[in-house]
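First the structure, in the form of structure tokens, and then the observations on it.
The values are calculated or read from the model by the stated rules, or taken from the named source; none is laboratory data. All values reported here derive from a predicted model rather than from experimental measurement. Cβ placement follows ideal geometry from the backbone for every residue including glycine, while neighbour counts extend to all protein chains displayed.
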Amino acid sequence: MTNIRLTKPTMAVLDALLSATADKPAWGLSIIRDADLGPSTVYPILERLQERGWITSHEETGPHPGRPARRYYELTGTGRMQATEALKAREARFKRFGLAGGPA
């Protein structure tokens, strides 16, 4: 696994992936909405994260009448660890500079 450039958009996508649960999995449009980014930003980030082993993806298997199957994204064990560390480091930087909580 190689490192990934942790830009603000990448951090927003990682935050959305970390917030996903079994009851509320992360899929393309939900990540776009939660990260407040456009699809032309989110999908290349997801592709890079997958290439580097931070996430896996799979297609929806249940019924999905009237729409295409969703592609679900999930952090790998290593990806979850790396994402958590990156977000903690960002929060520490903001606190060090007196910026409570970081960007909204």
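Being modelled with pLDDT of 95 or more and either of a type in the set (Val, Ile, Thr) or in contact with a helix residue (DSSP H, G or I) (Cβ under 6 Å, 6 or more places away or on another chain) (or both), is that true of even one residue in region 77-96? No, there is no match, as no residue in region 77-96 is modelled with pLDDT of 95 or more and either of a type in the set (Val, Ile, Thr) or in contact with a helix residue (DSSP H, G or I) (Cβ under 6 Å, 6 or more places away or on another chain) (or both).
Report yes if Leu14 is of a type outside the set (Phe, Trp, Tyr), in a loop (DSSP other than H, G, I, E, B) and buried (at least 17 other Cβ atoms within 10 Å of the Cβ), otherwise no. For Leu14, the condition - of a type outside the set (Phe, Trp, Tyr), in a loop (DSSP other than H, G, I, E, B) and buried (at least 17 other Cβ atoms within 10 Å of the Cβ) - is not met.
Pick from region 54-90 the residues that are surrounded by 13 or more Cβ atoms within 10 Å (Cβ to Cβ) and among the charged types (D, E, K, R): which of them is nearest to Thr21 (Cα to Cα)? Selected residue: Glu74. Restricting Tyr43, Tyr73 to residues that are closer than 15 Å to Thr10 by Cβ, among the hydroxyl-bearing types (Ser, Thr, Tyr) and assigned to a helix (DSSP H, G or I) narrows the list to Tyr43.
Residue count for region 8-41, restricted to those that are in contact (Cβ under 8 Å) with a residue 60 or more places away in the chain and of a type outside the set (A, V, I, L, M, F, W, C): 2.
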